[in-house]
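Colleague: Below are the structure tokens for one structure; questions will follow.
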Amino acid sequence: MPVLPGAEPYRHEGGEIGVLLCHGFTGSPQSLRPWAEYLAERGLTVSLPLLPGHGTRWQDMQLTGWQDWYAEVDRELRELTARCTTVFVFGLSMGGALTLRLAARHGDAIRGIVLVNPLNRLHGLRPALLPVLRHLVPATPGIASDIAKPGVLEVGYDKVPLHAAYSLRRFTGLVDGELPQVTQPLLLLHSRVDHVVDPVDSARILSRVSSTDVTEVVLEQSHHVATLDHDAEQIFDRSYAFIGRLASQEQTEGSSTGG
């Protein structure tokens, strides 16, 4: 199937600092493209892959699961670490859950992580019914474009495929159990009003990770897809400053070790 216009993956060859960006469930790289381009313009090497089953039609996603989505970002991370001296991982929504698992499993290979409205679990009654419901109903209404800024749309599916949602539910449970293994510096930005991911997810993540260098930012003017919303520039600026601070720390530590 052809990729939806705007949903194409994005890559930029820059310097020795690399950033992997992970998009959300039923979304596409379009939701993070301005962020990726902002980082590329400042000389960083950037990878923003299209997750399997995304960016075409929702039926394609029924044939994929969390193992496919995670394998894609894991492969991209390994490629980045092979050509960059310092690597960061950023994620939105489910991309935040993918980021956390990468951090838990790759340890010191990741210098720091940035999460925007990260997903920790599926809430409400319907997720509990997914094991049965997914065999009766193929999809439910979509979750794309939860954006406060007028006239801005997210390139994503208008339906949530339930086989994939069931896999996502299993994945969130797995990641939650791995949160204590996350030790990297963490910048977490979450919207005060989010109609897709409950803000309690961010609180849960912050309470369970083992990171000691943690910054929490509340986004006052945006909804779920904050990277396309009113607070986008704040996200971009803060994440770049986060990279700068940690990269300079690394250089200082390297110099003192070498001396």
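The values are calculated or read from the model by the stated rules, or taken from the named source; none is laboratory data. Everything numeric here is computed off the predicted structure, so don't read it as measured data. Reconstructed Cβ throughout: ideal geometry from the backbone, glycine too, with neighbour counts over all protein chains shown. Please note that ligands, DNA and RNA were not included when accessible areas were found on the heavy atoms of the full protein model with its side chains. Shrake-Rupley method; radii C 1.70, N 1.55, O 1.52, S 1.80 Å.
Colleague: When you go through Leu44, Leu50 one by one, which is the residue that is among the hydrophobic types (A, V, I, L, M, F, W, C) and open to solvent by 30 Å² or more (accessible area, probe 1.4 Å)?
Modeller: Unique residue meeting the criteria: Leu50.
Colleague: Another one. Filtering segment 3-23 down to residues that are among the aliphatic types (A, V, I, L, M) and open to solvent by 20 Å² or more (accessible area, probe 1.4 Å), which residue is nearest to Ala109 (Cα to Cα)?
Modeller: Ile17
Colleague: Among the residues of segment 138-154, what is the count of those that are at pLDDT below 95 and at positive phi?
Modeller: Summing the residues that are at pLDDT below 95 and at positive phi in segment 138-154 gives 1.
Colleague: Here's another thing I want to ask about it. What is the number of the single condition among (1) in a loop (DSSP other than H, G, I, E, B); (2) surrounded by fewer than 21 Cβ atoms within 10 Å (Cβ to Cβ); (3) on the phi < 0 side of the Ramachandran plot that Tyr157 does not meet?
Modeller: With (1) in a loop (DSSP other than H, G, I, E, B); (2) surrounded by fewer than 21 Cβ atoms within 10 Å (Cβ to Cβ); (3) on the phi < 0 side of the Ramachandran plot applied to Tyr157, the lone miss is (2).
Colleague: Would you check if there is a residue in segment 173-186 being of a type in the set (A, V, I, L, M), farther than 21 Å from Glu233 by Cβ and surrounded by fewer than 20 Cβ atoms within 10 Å (Cβ to Cβ)?
Modeller: Yes, there is a match, as at least one residue in segment 173-186 is of a type in the set (A, V, I, L, M), farther than 21 Å from Glu233 by Cβ and surrounded by fewer than 20 Cβ atoms within 10 Å (Cβ to Cβ).
Colleague: Of the conditions (1) within 19 Å of Gly173 (Cα to Cα); (2) at pLDDT 95 or above; (3) of a type in the set (Gly, Ala, Ser), Gly124 satisfies every one except a single condition; which number is it?
Modeller: Result: Gly124 passes all but (2).
Residue-by-condition table, conditions (1) among the aliphatic types (A, V, I, L, M); (2) over 22 Å from Gly177 (Cα atoms):
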position	(1), (2)
Thr56	no, yes
Ala82	yes, yes
Ser93	no, no
Ala103	yes, no
Val114	yes, no
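Colleague: Can you name the residue in segment 189-225 that is touching a helix residue (DSSP H, G or I) at 6+ places or on another chain (Cβ under 6 Å) and of a type in the set (A, V, I, L, M, F, W, C) and, of all such residues, is farthest from Pro34 (Cα to Cα)?
Modeller: Here the answer is Val209.
Colleague: Can I ask one more? Are any residues in segment 187-206 open to solvent by less than 10 Å² (accessible area, probe 1.4 Å) and part of a helix (DSSP H, G or I), and if so, which ones?
Modeller: Across segment 187-206, the qualifying residues are Asp201, Ser202, Ile205.
Colleague: I need the full set of residues from segment 58-80 which are closer than 29 Å to Thr183 by Cβ and open to solvent by 10 Å² or more (accessible area, probe 1.4 Å), in order please.
Modeller: Trp66, Gln67, Asp68, Tyr70, Ala71, Glu72, Asp74, Arg75, Arg78, Glu79
Colleague: Turning to a different aspect of this structure: I'm trying to understand the selection: among the residues of segment 72-91, which are of a type outside the set (Phe, Trp, Tyr), under 18 Å from the mean Cα position of the chain (by Cα) and in a strand (DSSP E or B)?
Modeller: Within segment 72-91, Val87, Val89, Gly91 qualify.
Colleague: Could you say which residue among Ile113, Ile143 is open to solvent by 10 Å² or more (accessible area, probe 1.4 Å) and outside any helix (DSSP H, G or I)?
Modeller: Every option except Ile143 fails the conditions.
Colleague: Tally the residues that are over 12 Å from Gln62 (Cα atoms) and either open to solvent by 20 Å² or more (accessible area, probe 1.4 Å) or β-branched (Val, Ile, Thr) (or both), restricting the search to segment 160-172.
Modeller: 3
Colleague: Could you look through segment 81-105, keep only residues that are among the hydroxyl-bearing types (Ser, Thr, Tyr) and surrounded by fewer than 24 Cβ atoms within 10 Å (Cβ to Cβ), and pick out the one that is nearest to Leu48 (Cα to Cα)?
Modeller: Per the criteria, the residue is Thr81.
Colleague: Please go through segment 207-226 and give me each residue that is hydroxyl-bearing (Ser, Thr, Tyr), in contact with a strand residue (DSSP E or B) (Cβ under 7 Å, 6 or more places away or on another chain) and either within 26 Å of Arg105 (Cα to Cα) or open to solvent by 80 Å² or more (accessible area, probe 1.4 Å) (or both), ordered by number.
Modeller: Selection gives Ser211, Thr215.
Colleague: Additional query: Can you find a residue in segment 24-40 that is assigned to a loop (DSSP other than H, G, I, E, B), open to solvent by 10 Å² or more (accessible area, probe 1.4 Å) and not small (Gly, Ala, Ser)?
Modeller: Yes, there is a match, as at least one residue in segment 24-40 is assigned to a loop (DSSP other than H, G, I, E, B), open to solvent by 10 Å² or more (accessible area, probe 1.4 Å) and not small (Gly, Ala, Ser).
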